[in-house]
Amino acid sequence: MAAKIDGPGGEAAAGGASFLWDIVAGLAMSDATGRWHPVFFRPAPMPGGADGGREFCRYRSVAHHAEGFATEAEAQAYVDGRAALGARDSGGRWAWAGDGAPLITHFFRTASAPPAAPAPGPP
C-alpha cells in the first residue's frame, strides 16, 4: 500500500505503508508568503532512457505541503518525519514564486547509487 503525502493536515497516512517509488524530498521557500514548503519528487527518467543505469536520474516534483511552515526548521522536521516512509532528504532548497504548485525538475543521485566519494582536501 502506498502512503499518502497529502492527507488531513498535510500528514502522511502511514499505517505501516511506504512509498512505491524512490521519493526524494527538499524544501521550497515561497516568495509570496515567506513560508517553507516541503516538496516531494519521484523519478521521471529522461525520454528514451537516456539516464538509465546512471548514478543520477531526473526527478520531478509531485507533491508539496500546501500550507507550509513558518520556519525552515519546522519544514525540515516534517521532511525528517517522512523518512520512516522511505522519503530521502536531498537537502535541496529552492526559491518558489508561491503561485500554484512548485514545479521543479532536478537530477538526484539514485537510491541504488554508491555514496559519493568525499571531495579531496587541500594538499
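Every read-out reported here was derived from the displayed coordinates using simple, explicitly stated rules and does not represent laboratory data. Bear in mind that the values here come from a model prediction, so they are computed numbers and not experimental data. Here the Cβ positions follow ideal geometry from the backbone for every residue, glycine too, while neighbour counts run over all protein chains shown.
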Checklist entry - Each label point is 7 Å from the Cα along the Cα-to-Cβ direction; what then is the distance between the points at Asp99 and Ala32, in nm? => result 0.9
Checklist entry - For Phe108, what charge total do you get from the other residues with a beta carbon under 9 Å from its beta carbon, if Lys and Arg give +1 and Asp and Glu give -1? => result +2
Checklist outcome for this item: Counting Lys and Arg as +1 and Asp and Glu as -1 over every other residue whose Cβ sits under 11 Å from the Cβ of Leu27, the net charge comes to -1
Checklist entry - Taking K and R as +1 and D and E as -1, what net charge do the other residues with C-beta under 13 Å from the C-beta of Ala44 add up to? => result +1
Item to check | Exposure proxy order (Cβ contacts within 10 Å, fewest to most) of Ile104, Ile23 | outcome: Ile104, Ile23
Item to check | DSSP bridge orientation in segment 18-109 - percent antiparallel, rounded to nearest 5 | outcome: 75
Checklist entry - In what sequence do Phe56, Phe108 fall when counting other Cβ within 10 Å, fewest first? => result Phe56, Phe108
Next on the checklist: So if I place +1 on the C-beta of Lys and Arg and -1 on the C-beta of Asp and Glu, and nothing else carries charge, what would the dipole magnitude of segment 18-109 be about its Cα centre? I want it in debye, nearest 20.
Outcome noted: 300
